[in-house]
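Trainee: Take this structure, written in structure tokens, and hold onto it; I'll ask about it next.
Read the figures in this text as sums done on the coordinates, not as results from a lab. Because the structure is predicted, anything quoted here is derived from the model rather than measured. Glycine also receives a Cβ, built like all others from the backbone with ideal geometry; neighbour counts cover every protein chain displayed.
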Amino acid sequence: MFRRLASATLLLAACATPRADMPALDSRAVNEQRLAVQRGAVADALAREDRVLRLAWPILTANAELCTKTAPALGMRLGDAKTIGVLAEGLRKEQVEALGYDETVRVLSIAPGGPAANAGLRPGDVVTAVGAENVEGLRETGEALDKVLGKQDPAPVTLSIARGAEMFEATLEPVEACDVRVVSSPKNAINAKASFKTMTVYAGLLRAVEDDNALSFIIAHELAHVAGRHPRKVIRNAGVTGTVLWAPPLVIAGQVLDIVARPVAKGLGAEAAPFTTLTTRAAAGAVRSADFEREADYVGLYMLARAGGAPEGVGDVFQLFANVSPLSSWILVSHPTVPERQLRLDLAAAEISRKRKAGAPLLPEGWTTD
């Protein structure tokens with residue numbers, strides 16, 4: 001035992017160390033700087049959430065006619081310390097609380113022109129009651145709002161608000177919107193995705209796409225997936241074709257073949273066949289995912305136009321995806337190739353332009369919410 005300790009001590013003593021005589025840091029200064037950095041991270045997370053709501057709101061409200069399900073909406077996002085921790089992933093509960101957040105329910109973001117904005121609410125306002133019901137905690141507040149908004153003819157929502165030392169009531173007139181919850185994610189993927197009733201826009205995409213009109217199109221594209229029930233249809237097709245059973249082992253086999261073929265092909269001075277791409281493409285073809293992507297592009301462009309966005313040239317945003325994955329410029333896997341998507345969007349934009357000039361309704365050809 002002694003020999004082992006002695007050996008470990010000698011090894012540590014032999015480790016290289018920096019030679020520069022660096023200035024000493026005060027621990028209090030480090031803690032203050034840590035708080036400043038964490039405060040900045042939270043501000044960035046809230047700004048992402050605010051941008052997503054700001055861009056999604058007109059799309060959700062202008063396209064209620066095209067959505068399968070609608071619901072009354074208030075145009076705001078509520079949250080507490082836990083919500084902040086999710087948005088600023090990596091901060092512990094006590095660190096979020098040290099920045100001034102707790103279990104109090106606050107307004108995190110407001111949609112311009114929405115009911116909350118029209119009622120004069122601001123980010124940071126604290127909700128203390130819904131109607132005559134005092135509320136504590138995010139879950140209780142949500143349940144109280146659901147009681148009002150869940151009625152067949154929802155009445156205006158009255159909220160008791162604390163803003164610093166000021167207390168007042170605000171009345172919100174709900175509006176009908178597509179029944180989809182749109183949130184941001186701290187993940188750095190350059191992506192957005194839609195499930196049955198939730199749309200997630202990733203931080204990587206929000207950072208990469210600076211143009212609001214282009215990002216609005218991506219949000220509209222994901223809304224078209226939900227409105228078209230594409231997630232449900234993919235699952236149904238996977239069951240009908242048996243993809244749910246044969247695709248996973250086939251894709252794994254493709255990955256194994258790629259690993260085996262890569263060094264062999266390199267030795268021959270050739271490129272290895274992309275077996276994983278081929279097997280994934282077979283699975284995607286079985287569930288018709290590329291067809292659903294084409295429809296989401298087409299319907300999403302209409303949704304953008306109906307919300308006041310500019311449909312011309314939005315296909316340029318797909319250059320970003322081609323830059324990240326050049327393979328998407330020539331191989332169809334789960335999505336159509338980038339050139340095809342861009343050209344199809346140009347045709348759809350021309351179609352929308354013709355309808356605008358003719359004064360015709362902006363309705364996608366053949367679209368139905370049945």
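Trainee: Can you give the Kirkwood hydrodynamic radius for segment 1-145, in Å, rounded to one decimal and based on Cα pairs?
Mentor: 19.2
Trainee: At what distance in nm do the modelled label points of ALA43 and ASN118 sit from each other, each positioned 7 Å from its Cα along Cα→Cβ?
Mentor: In this crude label model, ALA43 to ASN118 measures out at 3.2 nm.
Trainee: Take the alpha-carbon centre of segment 21-66, take the same for segment 303-321, and report the distance between them in whole Å.
Mentor: Distance between centres, Cα-based: 26 Å.
Trainee: For the residues TYR302, TYR202, what sequence is obtained by ranking on other C-beta atoms within 10 Å, fewest first?
Mentor: Details: TYR302 23, TYR202 19.
With the fewest neighbours first, TYR302, TYR202 line up as TYR202, TYR302.
Trainee: Still on this model: State the extension gain, in nm to one decimal, for the chain segment bounded by ARG34 and PHE196, taking 0.36 nm per residue of separation less the distance between their alpha-carbons.
Mentor: Here the answer is 54.4 nm.
Trainee: In what sequence do TRP57, TRP367 fall when counting other Cβ within 10 Å, fewest first? Don't skip to the end; give the middle numbers.
Mentor: On the way: TRP57 25, TRP367 14.
If I rank by nearby Cβ atoms, fewest first, I get TRP367, TRP57.
Trainee: R0 = 30 Å: FRET efficiency of LEU347 with ARG232, Cβ-based, nearest 0.05?
Mentor: Efficiency, from the Cβ-Cβ distance: 0.60.
Trainee: Moving on. What is the Cα convex hull volume of segment 70-178 when expressed per residue in Å³?
Mentor: Enclosed volume per residue, from the Cα hull, is 104 Å³.
Trainee: Nearest 20 debye, what's the magnitude of the dipole of segment 82-136 about its Cα centre given +1 on Lys and Arg Cβ and -1 on Asp and Glu Cβ?
Mentor: Roughly 200 debye for segment 82-136.
Trainee: Would you mind computing, in nm to one decimal, how far apart the modelled labels at THR128 and ARG354 are, each placed 7 Å from Cα along Cα→Cβ?
Mentor: With each label point 7 Å from Cα toward Cβ, the separation is 6.0 nm.
Trainee: Under a cut-off of 16 Å between alpha-carbon atoms, report the aspartates and glutamates in cross-link reach of LYS93, not counting same-chain residues fewer than 8 places apart.
Mentor: Those aspartates and glutamates meeting the cut-off are ASP80, ASP102, GLU103.
Trainee: Next question. Please give the residues of segment 44-71, grouped as numeric ranges, whose backbone N is less than 12 Å from a label point set 7 Å along the Cα-to-Cβ vector of LYS151.
Mentor: Taking a point 7 Å out along Cα→Cβ of LYS151, no residue of segment 44-71 has its backbone N under 12 Å.
Trainee: How many nm separate the modelled label positions at THR158 and LYS82, each set 7 Å beyond the Cα in the direction of the Cβ?
Mentor: For THR158 paired with LYS82, the spin-label model returns 3.0 nm.
Trainee: Using a cut-off of 12 Å between beta-carbons, work out the net charge of the residues near GLY309 (Lys and Arg +1, Asp and Glu -1, GLY309 not included). Write out the running numbers ahead of the final one.
Mentor: Numbers: positive: ARG306; negative: ASP211, ASP212, GLU312.
Net of charged neighbours comes to -2.
Trainee: When the dipole is taken about the Cα centre of segment 310-370, and only Lys, Arg (+1) and Asp, Glu (-1) are charged at their Cβ, what size is it in debye, to the nearest 20?
Mentor: 180
Trainee: Please state the charge dipole magnitude for segment 70-178, taken about the Cα centre, from unit charges on C-beta atoms (+1 on K and R, -1 on D and E), reported in debye and rounded to the nearest 20.
Mentor: 240
Trainee: How high is the FRET efficiency between GLU143 and GLU176 when r is their beta carbon distance and R₀ equals 25 Å, given to the nearest 0.05?
Mentor: 0.70
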